[in-house]
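Presented below is the structure to which this report refers.
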Amino acid sequence: MKSIKIASFFSIFIALNIMLISCDRRAKQVEAERLYIAAVDAYTGEQFTDSLELVRLAIKLDRNLYQASFLEGRILFFLDQIEEAEKKFSILVKKYPGFTEARIWYIRCLVLKNDFTTAQKYLDEELSFNQTDWRVYNLYSLLAQRTDNFEERIAMNRRAENILTTSASVYIDMAVTWYTLGLNDRAQFYLEKAQNILGTNYSLQELENVINRLLQEQ
């Protein structure tokens with residue numbers, strides 16, 4: 001009977017410890033997320049040193065918060081610590097092969113480090129399954145610039161521009177669809193996305209005029 005009580009006591013003790021550990025882990029995750037959000041705000045305000053300090057505290061609390069590791073890499077990049085940034089992105093690429101943003105930034109670091117052979121290898125691999133991302137062609141252009149290949153640079157910039165123009169056309173078409181359905185706020189959202197892609201070449205008013213003409217033709 002006594003052995004049963006002891007066994008029961010240990011079972012309760014172990015269960016309580018598991019609960020405490022679980023609560024502690026969750027508390028750390030919540031705090032890590034809070035610090036990460038604060039780091040993003042500081043990064044957006046170009047307060048890179050403060051952002052780096054905050055994001056490292058977040059990573060210390062939750063090493064599985066890969067978004068924080070990615071942000072750390074970007075901060076290091078803008079602090080001109082390219083080699084350190086490249087190491088961070090390299091780890092992310094190996095751990096999360098499907099993380100496109102990490103792959104893009106990793107290649108950018110390779111180019112800026114003048115590791116042209118490795119950069120070319122990863123760019124060719126990226127292009128083999130990611131042919132609609134203008135940033136891939138932009139990186140090819142950057143690589144061409146660094147290697148004084150001006151013809152390649154112009155060609156890749158044109159390909160990037162073509163993709164961006166196509167994307168803007170898609171957003172304009174979506175805006176037309178939402179205007180047709182009477183959902184003006186949603187249409188405006190896509191109109192702004194199109195304008196962001198097209199840059200200063202077109203104002204929102206000009207794009208709205210284009211859409212009005214398209215609506216009249218329907």
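The values are calculated or read from the model by the stated rules, or taken from the named source; none is laboratory data. Everything numeric in this text was worked out from a predicted model, so none of it was measured. Every residue, glycine as well, gets a Cβ built from its backbone with ideal geometry; the counts of neighbours run over all protein chains shown.
Do you know which of the residues in the stretch 166-213 that are of a type in the set (D, E, K, R) and at pLDDT 70 or above is farthest from Asp133 (Cα to Cα)? The selected residue is Asp185.
Screening Lys88, Lys94 for residues that are assigned to a helix (DSSP H, G or I) and in contact with a Gly (Cβ under 6 Å, 6 or more places away or on another chain) leaves exactly one candidate, Lys88.
To keep it simple, each residue is scored yes or no on (1) surrounded by 15 or more Cβ atoms within 10 Å (Cβ to Cβ); (2) under 20 Å from Phe78 (Cβ atoms).
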site: Tyr96; (1), (2): yes, no
site: Ala102; (1), (2): yes, yes
site: Trp105; (1), (2): yes, yes
site: Cys109; (1), (2): yes, yes
site: Leu112; (1), (2): yes, yes
site: Gln120; (1), (2): yes, no
site: Glu125; (1), (2): no, no
site: Asn130; (1), (2): no, no
site: Trp134; (1), (2): yes, no
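This table checks each residue for (1) among the charged types (D, E, K, R); (2) out of contact with any His (no Cβ under 8 Å at 6 or more places or on another chain); (3) part of a helix (DSSP H, G or I).
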| site | (1), (2), (3) |
| --- | --- |
| Leu127 | no, yes, yes |
| Gln131 | no, yes, no |
| Tyr137 | no, yes, yes |
| Tyr140 | no, yes, yes |
| Ala144 | no, yes, yes |
| Asp148 | yes, yes, no |
| Glu151 | yes, yes, yes |
| Ala155 | no, yes, yes |
| Ala160 | no, yes, yes |
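Within the stretch 128-156, the residues that satisfy the criterion of being of a type outside the set (Val, Ile, Thr) and under 15 Å from Phe99 (Cα atoms) are Phe129, Asn130, Asp133, Arg135. Taking residues in the stretch 144-170 that are in contact (Cβ under 8 Å) with a residue 40 or more places away in the chain and surrounded by 15 or more Cβ atoms within 10 Å (Cβ to Cβ), and partners anywhere that are part of a helix (DSSP H, G or I) and among the acidic types (Asp, Glu), not one pair has Cβ atoms closer than 8 Å while being at least 6 places apart or on different chains. Evaluated against (1) touching a residue at least 12 places away in the same chain (Cβ under 8 Å); (2) closer than 30 Å to Arg34 by Cβ, Asp80 falls short on exactly one condition, (1).
Residue by residue, here is whether (1) in contact with a helix residue (DSSP H, G or I) (Cβ under 9 Å, 6 or more places away or on another chain); (2) modelled with pLDDT of 95 or more; (3) closer than 30 Å to Ile107 by Cβ holds:
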site	(1), (2), (3)
Ile4	no, no, no
Phe10	no, no, no
Ala15	no, no, no
Arg25	no, no, no
Asp80	no, no, yes
Ala85	yes, yes, yes
Phe89	yes, yes, yes
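Among the residues here, Gln81 does not qualify as surrounded by fewer than 20 Cβ atoms within 10 Å (Cβ to Cβ) and under 13 Å from the mean Cα position of the chain (by Cα). Only one of the listed residues (Glu31, Glu53) is over 17 Å from the mean Cα position of the chain (by Cα) and modelled with pLDDT under 90. That residue is Glu31. Screening Ala27, Ala42 for residues that are free of Cβ contacts under 8 Å to residues at least 12 places away in the same chain and farther than 21 Å from Met156 by Cβ leaves exactly one candidate, Ala27. Within the stretch 54-75, at least one residue is in a loop (DSSP other than H, G, I, E, B) and hydrophobic (A, V, I, L, M, F, W, C). Of all residues in the stretch 52-78, those satisfying the criterion of being surrounded by fewer than 18 Cβ atoms within 10 Å (Cβ to Cβ) and either of a type in the set (D, E, K, R) or in contact with a Pro (Cβ under 6 Å, 6 or more places away or on another chain) (or both) are Glu53, Arg56, Lys60, Arg63.
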